[in-house]
Amino acid sequence: MGHVFRVQYELVKYVDTEFNNQTITEKTATRLIHGYRALLSDPELHLLLYYGLSSFAPPDFRDLIDKYGLLYGLLDKNPRFVCYRIPELCFYPETLAEWHRRHPPNPKKEPPNE
């Protein structure tokens, strides 16, 4: 599996470098990352989540995963599952913030006055 993660890292790092060098626009970088993210299955997203936290990953890979929202595919499946079953998302603060934007807390409903 190491070769898969190295390719993923190099792809995201290339897009990030080109965007930082202003070779490509933000819109182009976003479209490239969205296209790549669409190719990832749920099991691959879960592996990517844990690989980004492991000591095997390049030091900046977790930040790139978070910066470009590679784990957003996990957020839409089942919000309750994500919140309670994947506590490791706290290590991806931008992804966790996006989860909270997509799923704001339900306001408490006051009982009707009788």
All conditions in (1) closer than 23 Å to Leu75 by Cα; (2) in a helix (DSSP H, G or I); (3) not polar (S, T, N, Q) are true of Arg6 except (1)
So if I check each of Arg37, Arg80, which one is modelled with pLDDT of 85 or more and either under 20 Å from Arg101 (Cβ atoms) or surrounded by 17 or more Cβ atoms within 10 Å (Cβ to Cβ) (or both)? Arg37
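The values are calculated or read from the model by the stated rules, or taken from the named source; none is laboratory data. Here the structure is a predicted model, which means the values were calculated and not measured. Virtual Cβ from ideal backbone geometry, glycine too; neighbours counted across all protein chains shown.
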